[in-house]
Every structure is written in structure tokens, then in C-alpha cells.
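The values are calculated or read from the model by the stated rules, or taken from the named source; none is laboratory data. In this text, all values refer to a predicted model and were calculated from it rather than measured experimentally. Cβ sites come from the backbone with ideal geometry, for glycine too, and all protein chains shown count toward neighbours. For the accessible areas, the whole protein counts, side chains as well, though only heavy atoms, and no ligand, DNA or RNA atoms are used. Shrake-Rupley method; radii C 1.70, N 1.55, O 1.52, S 1.80 Å.
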Amino acid sequence: MNLSIDSETQKRIDGVRKLGESQIRPVGLEADRLGRPTPADHPFFDLLLEIGMGRSRWVGEEPAEDSDTAGPRVGNSRNMLCISEEMSYWDRGVAVSFPGPGLGEPPLISMGTADQKARFLGPFLEPDRPRWGSFAMTEPGAGSDVAAIASSARKDGGDWILNGAKSFAANASRADWIVVWATVDPSLGREGHRAFVVERGTPGLGDFVVERKMGLKAYESTSFTLRDCRVPGANLIGGEEHYARRAGFKGAMRSFNATRPLVAIMAVGIGRAALDEALAFARENNLLGDARIRDRLERIRRRLRVARLLCWRAAWLADHGRPNIVEASMSKAVAPNVALEAASLGMELLGEVGGRGDHLIEKLFRDVKAMDIVEGTGQVQRIVMARHLVQLPRD
Amino acid sequence: MIDFELGDELELVRETARDFAEDHLRPALRDHEAAQSVGDSTLDAFRNIGFETLEWPETLGGSQLGALARCVVSEELAAGDAGAALAIDPLGPALYPLLEFGGIETLRELGAPLLHAPGSRAWLVWNGEGTRNRIERSAAGVTGTIAWVPASRVDLLVFLDEEGGFAVSEGIEHAPLRGSGLRAAGASELTLVKAPVRAEWSDASGAATALARCRLVIAALLVGVMRESAEYSRRYALDRVAFGKPIAHHQALSFLIADMASSVDCARLLVWEAAWRLEAGEDAHEACATAFVEAAEQAMFVTPNGVQILGGHGFMQDYPVEKFMREARALSLMLGGVDAAREAAGRELVSTLGRVALNVEAIG
């Protein structure tokens, strides 16, 4: 057992911290004050590119087949968690605005053909300018219930014709391409889903609306429509063979999940920022002599520590390929509420100062609410847990 | 690298403790409660697997395992029967002040004799901030009343406060009590009239460590109690049908059951983290206090809901869930209670300048 952060990861955290103090937080506060996403031509993004960010995780070549002698590969999402938490500590919204292939990258890496990886991730290896990829699953009528997406994909010769509306896609209006999920047959549920890379400027892709949000203003959450949008067959991720192959595994569910703890730990980062700010404010205002306030701050630190351990444990299980569905959902069900409580307590300690609307804690209070909604709401996480704990039926 | 693996040795220890609890404690939990005793055969069985001296130094014949082993064992035993878990452990939390203040020699002198007289019990009384007992010391000895100890006999009484402690082994009068929870361990009011002090120590740092380790053991026991409450009520909810389906499949209950499972894991993770800090030689006083508060709070969420899920049956003593609720409450009254631990952790927190580190940063 080892429940400490190793020194190499700590060095990387310290690097994020420097960038966070000098850049990420100020850029986030600026976006929040101006009530708009950080523009694509903001010098901050050029700076990120200069220091080596905004790249793809894809290394530009296919990994060799694992030989039997290599043993089981142990993943490293625990370190990613630590970095991600620190990033969110400084500004969750800015972290989403970072250039790079974004959420479109995982499906391209896991399902994409070699040609698709080269075409769509290649430009992110040594990007000539800040570039973004985007990912669009959510629709006005389908959030947590992803099986209910209604955007349609119809085969037409060698092409596909997409129709539908997508909501809240991060960085979509500035992206080189968007990974769009659509269905070939709504009656098939997830079996009917297909992922397409829709490139910027494709006729029929349009009506981009940058939504106005409660918080996390630094990145754009964009809605758009697809009207008879013609996409070449080569942009169906994985090609048709991939989906034919997958159909053979109907009903097979993955036994582990690495994404939920990664999103849950972002809440921990926001919550930690709120705790540190609240503690500093309370000290400056001589509030710490009050046992009631100490008790509540103690609770926040304790619950944040718990939330972090839940995330770490879920990631540790995933890294070893062990079943972690309950643990992953648990981390995601717990952490966002803890973080909200931290920010809300911070507001209470601020008193009327919180009412002004210009304090960092007030921003965190607005930012953090999203964390209990994205990547499966807290309610969906409990449903997932209940399916495992008490075999809650799906109907 | 972050790693939650217990390792083969601890997994074996855990399995042994689990088997013992399932064979000897859980089947007899109402009998032990009624008798306010676990009986000689259970004591013998426990002694035979060597858990009496789990943390004792090897020079005294112990296994010299650490805090994590203790926590793992305590959880398993308490999942069987928390009262019995106290009854079968002769030294109980009194082990820690003896070790911290006096080391091996003190343990040999004061603790070892209890092992040779089966059924003997030591108990630790918190005598610092938060205690409701009034204990007076004079040149003539120790005088006062201790409202409740979960024991029907006490052969060695160790008092601990913020500055140090002292031990008494004579002049202890017992008045039996019914007890609220933990009855399998017995229940007594103790009265001391000018009881002679057998040993005393002045060592604030040792006292803080002893208290931390005591809190951690109680927290681990709480994890066991709430785990069993959550598990028992989960199984019941799958069997019990109401409104045409198992009650576990009504979403109000399925969410509650999910949250109860989270509570158990939350408390256990903080217990393990504090135990790991102790073993890594890190400062763990705050972490142990924090684990105690979390375990107490979560146990008081889980165990009353365990009763709730069983409804009317839960309130009846035909089912064990009401017992889990009483035991969770009784355990968290110890060592000055939850508020004292919260205060300790809170004071440590507000003395932090700059960023709050949630976990130990950068080892290795």
C-alpha cells in the first residue's frame, strides 16, 4: 500500500501549479468577468503550444502487438488524476479550453483506423497553431440517457448523410473536426450508434450557438445542427467492419471505467481551491477562533480527502484492469457534492462579500455544479451502483 | 505510485479474522450479548490464532504487525460482533499508552500478566478534554467514578489525557450495568476510592500518539459494524417484496443502499489512509482523528438506515440490525467522543498556512 503522491508526479503537479498561478487562473477569471469563452486567438493558447501542450496523446505509430512475455500492462491513470486535479484547482473551465483533440481523441485512438488517426490526430503531433478537436454526443433530448440520441445517419452510396441537433459540445465552433455520434436505427439503442468525424466547413454543419452558462465560462459549450450533412464513408470511425465486429459482443459490458474517477477528481480540485480560499479568508477575518467554523472546515477537508481516495482507488483498479464499476461510480457520485459543499461553505464564510459576485469562491460555487451533471449525473451513478449492488433492473 | 494493495500477508490475516468472526462471533451474537460474555471457548479459539498479540513486539512473543493489520482485523471482528471484538482482546486500546509511554518493559510488566490469566481485561479511560468522568488524584491515590466501561471486569485501568497518563490495577470496584451497545464485552460502572497508582507517565507526544492509535482502532471497529449493517440490510431488501417487487428495486431504496455502500468505503479508506501514515512514519494524529470522525458520522448514517430498511422487523431483536445501530453509537462515545476528535482535526487544519495537503505528498 502506498497512499502518497510520488515525487515524479509531484514535480509535474508543481509544474501545473506554476502555470496555474501565472496563467490558468487569471485567464479563467478574465473569461468569467467578461462572460465569454477565451477567444481562439488569445495569446494564452500560443503560450500553451510553445510549452509543448495542445498535442495528441497518440504517438504517431501503431503500437506493436503485446507479446505474451510482456505480462499484463499496468495503466497509469493515477498520475493523470493527480495532474488533472491540479489543473482543475486553478481553473476547470480553462482546462477544457486547452487546444488539442479533446474528447474526440479517445474514440479515435481506441476505434479509429490507422488512416483516420493519421488524418485527424496527425495535425496535433506538432501543431502549427492552436488546434481543437471536439466531441458531440449530447442532444437537446438526450443527456445522461445516451441510448436515446436521435441524430440520424443514413447511408448514401459511399457517403453518410447526417441529420440532427447536438448540444453542449466543448470547443465545437473552433474545432478542426467534431466526433459526432448518430444512430442508424433508434430502435437498436446503443447498438445503432455510429461515430463520425465531421470536418469543419462540411456543408450542412452549422447553426453554431455558444451557450451561456452558469460557470465554467472559459470554454465554449456549443450547440449546432446537422442538415443533410454529407460525410465521406472514410470518416466513419473504425469503418463499418468495426461495428459489425462489435455486434458480436452484444450485451458484453466493460467491467471497468477510467473516465468517471478522472472527472470526479476534477471536482476535488475545485473543492480544494474553495477550501484554501475559504481558509485564507477566514484567517484574514479572524473567524478561525469559532469552533463552529473550524468544525465545518474540518468536514470539508475530510470529505475532500475521502473523495480523492475514492477516485484514486477507482483509477488504481482500472490501471490493473480489475472490475471497478461500483467504485468508479461511487467516486463520481460523492466527489461533486463534496466540492459543492466546499464552495458553498466558502460563500457562507464570505458572507455579503460572496453576494458581490466578484470573489473567486463565488466563481467556484458556480463552476462546480457542472461536475455533478457531466459524465453521468449523480443519480445515474447511483443507478449504475444499484445495478451491481442489488441488480436494479434496467426497465 | 498510489497503490491500495494490502499484500499477501495482510490478505491472509484478513481472511483468518473473517473466518474467525463467521465461525465464533456472528452465530452467537445474541447469546454473547445476553450473557455479557463470549465464553471460554471463544477466548481460547482467539488466543490459538495468535491475534491477542497481533501488534505486540516479537520479543514478547507477538506478531509485531502494524496499524493496518490491526485495522483490517478489527473491521472483520466487528463485522461479526463489535462487543465480542472488545471482549476477546485482553489489552484493547490500553495497549497503545503502555507501548508509547513505557515500551516493551512496561508492556511486559503491566500487560503480559493479563495474557496469562484468561478473561482478564485492561481498559483505557480517556481523562482529557471531552470526558464526562470526574477523576481526582491526590497523594492518597485515585478517586472517582467512571460511568461506563464495556467490560465486566477490569484488571488494569489506564487513564490517558493530553499530557500523559497513569495506570491503576487495584482498588477498582465494579457495579454491573446493562449497557447500551457492546454488551458482549460486559458493562460496568467503576468506582475508585484512593486507588493506588501503579505507574504514571508524563509525555504529551506519546499521549497524542496513543490517543491517535486508540481512535484508529475504534474507527476500524465502526467500519466493521456499518459494513455488516449495510450488507445485512442490502440482502434483506433483495428478499423482501413490497408493491410487487423486491424493495431494493424501488429507486428510493436502491439509491439509499448505494449511498450506504459509499459510506462504508469512505470510512474504510480514511482508516486505511491513517493506518498507512502511521506505518510510513508520517504524522498521523490528525489523520486518525479524522478517520474517527468520518467513521462515526458514516456509521450513524448507515446503521439507523439499516434498521429503516427492515422496517418493523428492524426494530425487533429477532434481527441484528438494531444491535448494529446501538453498537455504532456506543463505539463513537469513546475517547472523548466525536466532538473531541473533530476539534483535534479542526485545530490542526486551521494552523495550516497556505495550501491544504489532503494526503501525504511526495514520498519515494
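Here residue B:237 meets each of (1) hydrophobic (A, V, I, L, M, F, W, C); (2) in contact with a Gly (Cβ under 9 Å, 6 or more places away or on another chain); (3) open to solvent by less than 10 Å² (accessible area, probe 1.4 Å) with one exception, condition (2). Residues in region B:1-18 that are surrounded by 15 or more Cβ atoms within 10 Å (Cβ to Cβ) and assigned to a helix (DSSP H, G or I): B:10, B:13, B:14, B:16, B:17, B:18.
Whenever a residue of region B:245-270 is at the interface with chain A (Cβ under 9 Å from one of its Cβ atoms) and open to solvent by 30 Å² or more (accessible area, probe 1.4 Å), its partners that are of a type in the set (Val, Ile, Thr) and in a helix (DSSP H, G or I), lying with C-beta atoms within less than 6 angstrom and at least six residues away or across chains, give the pairs B:253/B:247.
In this entry, residue A:24 is excluded by the filter for residues that are open to solvent by less than 40 Å² (accessible area, probe 1.4 Å), under 16 Å from residue B:360 (Cα atoms), touching a residue at least 24 places away in the same chain (Cβ under 8 Å) and outside the structural domain of residue A:368 (by TED's automatic domain parsing). In region B:19-34 there is at least one residue matching the filter, namely being more than 26 Å from residue B:285 (Cβ to Cβ), touching a helix residue (DSSP H, G or I) at 6+ places or on another chain (Cβ under 6 Å) and open to solvent by 20 Å² or more (accessible area, probe 1.4 Å). Total residues in region A:31-48 satisfying the condition of being open to solvent by less than 50 Å² (accessible area, probe 1.4 Å) and either in a helix (DSSP H, G or I) or among the basic types (Lys, Arg) (or both): the figure is 5.
Restricting attention to region A:199-220, the residues that are within 22 Å of residue A:152 (Cα to Cα) and not charged (D, E, K, R) total 8. If only residues of region B:159-183 that are aliphatic (A, V, I, L, M) and in contact (Cβ under 8 Å) with a residue 24 or more places away in the chain are counted, the one that is most open to solvent (accessible area, probe 1.4 Å) is B:177. Annotation note: of A:356, A:387, A:382, A:366, the sole residue that is closer than 30 Å to residue A:293 by Cα, basic (Lys, Arg) and crowded, with 16+ Cβ neighbours inside 10 Å is A:366. For the subset of region A:234-259 comprising residues that are modelled with pLDDT of 90 or more and not in a helix (DSSP H, G or I), which member is farthest from residue A:322 (Cα to Cα)? Ranking the candidates gives A:236 first.
Can you name the number of the only condition in (1) within 21 Å of the chain's Cα centre (by Cα); (2) modelled with pLDDT of 95 or more; (3) open to solvent by 70 Å² or more (accessible area, probe 1.4 Å) that residue B:186 fails? Looking at each condition in turn, residue B:186 falls short on (3). Residue B:152 passes every criterion in (1) open to solvent by 40 Å² or more (accessible area, probe 1.4 Å); (2) not in a loop (DSSP other than H, G, I, E, B) apart from (2).
Whether any residue in region B:327-334 is open to solvent by 30 Å² or more (accessible area, probe 1.4 Å) and away from chain A (no Cβ under 14 Å) is what I want to check. Yes, some residue in region B:327-334 is open to solvent by 30 Å² or more (accessible area, probe 1.4 Å) and away from chain A (no Cβ under 14 Å).
Residue by residue, here is whether (1) touching a residue at least 12 places away in the same chain (Cβ under 8 Å); (2) out of contact with any Asp or Glu (no Cβ under 9 Å at 6 or more places or on another chain); (3) open to solvent by 10 Å² or more (accessible area, probe 1.4 Å) holds:
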position	(1), (2), (3)
B:203	yes, no, yes
B:207	yes, no, no
B:230	yes, yes, yes
B:275	yes, yes, no
B:278	yes, yes, yes
B:291	yes, no, no
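For (1) farther than 23 Å from residue A:359 by Cα; (2) within 24 Å of the chain's Cα centre (by Cα); (3) not in a helix (DSSP H, G or I), each residue gets a yes or a no:
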residue	(1), (2), (3)
A:273	no, yes, no
A:293	no, no, no
A:296	no, no, no
A:313	yes, yes, no
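For region A:110-122, the count of residues that are in the same structural domain as residue A:194 (by TED's automatic domain parsing), in a helix (DSSP H, G or I), within 21 Å of residue A:59 (Cα to Cα) and of a type in the set (Phe, Trp, Tyr) is at least one. Evaluate region B:300-320: report whether one residue or more is under 20 Å from residue B:209 (Cα atoms), under 23 Å from the mean Cα position of the chain (by Cα) and either within 14 Å of chain A (Cβ to nearest Cβ) or open to solvent by less than 20 Å² (accessible area, probe 1.4 Å) (or both). Checked against the condition, which is being under 20 Å from residue B:209 (Cα atoms), under 23 Å from the mean Cα position of the chain (by Cα) and either within 14 Å of chain A (Cβ to nearest Cβ) or open to solvent by less than 20 Å² (accessible area, probe 1.4 Å) (or both), region B:300-320 yields no hits at all.
Is it the case that residue B:51 is open to solvent by 10 Å² or more (accessible area, probe 1.4 Å) and in contact with a strand residue (DSSP E or B) (Cβ under 6 Å, 6 or more places away or on another chain)? So residue B:51 fails the test. Here residue A:203 fulfils each of the conditions (1) part of a loop (DSSP other than H, G, I, E, B); (2) within 23 Å of the chain's Cα centre (by Cα); (3) farther than 21 Å from residue A:102 by Cα apart from (2).
Going by the conditions given, is residue A:211 within 23 Å of residue A:95 (Cβ to Cβ) and either more than 19 Å from the chain's Cα centre (by Cα) or outside the structural domain of residue A:25 (by TED's automatic domain parsing) (or both)? Criteria not met by residue A:211.
Go through region A:140-162 and give me each residue that's open to solvent by less than 50 Å² (accessible area, probe 1.4 Å) and at pLDDT 95 or above. A:151, A:152, A:153, A:159, A:160, A:161, A:162 - these are the residues of region A:140-162 that are open to solvent by less than 50 Å² (accessible area, probe 1.4 Å) and at pLDDT 95 or above. Please indicate, with yes or no, whether at least one residue in region A:143-153 is assigned to a helix (DSSP H, G or I), within 19 Å of residue A:220 (Cα to Cα) and of a type outside the set (Gly, Ala, Ser). Looking through region A:143-153, none of the residues is assigned to a helix (DSSP H, G or I), within 19 Å of residue A:220 (Cα to Cα) and of a type outside the set (Gly, Ala, Ser). Scanning region B:199-244 for residues being within 14 Å of chain A (Cβ to nearest Cβ) and in contact with a Phe, Trp or Tyr (Cβ under 6 Å, 6 or more places away or on another chain) gives a total of 2. Taking region A:332-373 as the range and being within 14 Å of chain B (Cβ to nearest Cβ), under 15 Å from residue A:307 (Cα atoms) and among the aliphatic types (A, V, I, L, M) as the test, the residues that pass are A:333, A:334, A:335, A:338, A:339, A:342.
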